[in-house]
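The values are calculated or read from the model by the stated rules, or taken from the named source; none is laboratory data. Worth saying up front: this structure is predicted, and the values here are computed from it rather than measured. So basically every Cβ, Gly included, is an ideal-geometry build from the backbone, and we count neighbours across all protein chains shown.
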Ligand SMILES: [Zn+2]
């Protein structure tokens, strides 16, 4: 998602949210609704996880199962608490949780 499907514009603005959605993303040109935006806290937590997965995969110290695990959960939008826990455990073991 980097282009408005209606006008092709590539800049977006944050719009109003609802009770269930923190905010919306709208096209800056034609005001078309693009998608809902998660609460920044949710977004940051997930971004941190993705960054951790990337660091884990890049470190070269995972076993085969762990590499598969990281690759499998990398594209997931929502991760199970068990997956998050395993990820934190790997990060702790390899001291990659925080740079
Ligand atoms: Zn547009």
Worksheet item: Out of curiosity, is residue 48 under 16 Å from the mean Cα position of the chain (by Cα), under 20 Å from residue 97 (Cβ atoms), more than 16 Å from the ligand (Cβ to nearest atom) and modelled with pLDDT under 90?
Response: yes
Discussion item. For the stretch 17-30, which positions are within 16 Å of the ligand (Cβ to nearest atom) and farther than 15 Å from residue 3 by Cβ?
Written reply: 24
